[in-house]
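Structure first, commentary second.
Here, each number is a calculation from the coordinates, and none is a lab measurement. On a predicted model such as this, the values are computed, not experimentally measured, just so you know. Glycine gets a Cβ as well: all are built from the backbone with ideal geometry, and neighbour counts include every protein chain shown.
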Amino acid sequence: MMSEEQSRVQRYQALVLRYEQIDAEIDALLEQHGGHSENLSDQDRETYRQLAEQRSDLYNQIKSIEAEWLSEGDEDEP
């Protein structure tokens, strides 16, 4: 049976992988338009916004887990 900590590590890893995937999608989308968001079509701009929102949400979840680990580490110190 998986411990709570192992489960959290796996969740963290999955979040990081998904973050990296979305970041690569954003990069590819921008690259198709000369690297500039102002060159995006209306549809691509909407896709960009959705991807950026997902990436931001994932980032916040990643940082939340990291903050939990840091606070737990502080509790272990004398």
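The table that follows gives values for the structure above.
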item: Filtered residues of the stretch 45-76 (kept if of a type in the set (Phe, Trp, Tyr) and either touching a Gly at 6+ places or on another chain (Cβ under 8 Å) or more than 14 Å from VAL9 (Cβ to Cβ) (or both)); result: TYR48, TYR59
item: Lone unmet requirement of (1) loosely packed, with under 15 Cβ neighbours inside 10 Å; (2) over 15 Å from the mean Cα position of the chain (by Cα); (3) not polar (S, T, N, Q) for LEU40; result: (1)
item: Subset of the stretch 1-25 [hydrophobic (A, V, I, L, M, F, W, C) and over 12 Å from the mean Cα position of the chain (by Cα)]; result: MET1, MET2, VAL9
item: Cross-chain or 6+ apart pairs with Cβ under 8 Å, the stretch 1-19 first and farther than 26 Å from ALA52 by Cα, then loosely packed, with under 14 Cβ neighbours inside 10 Å; result: MET2/GLN10
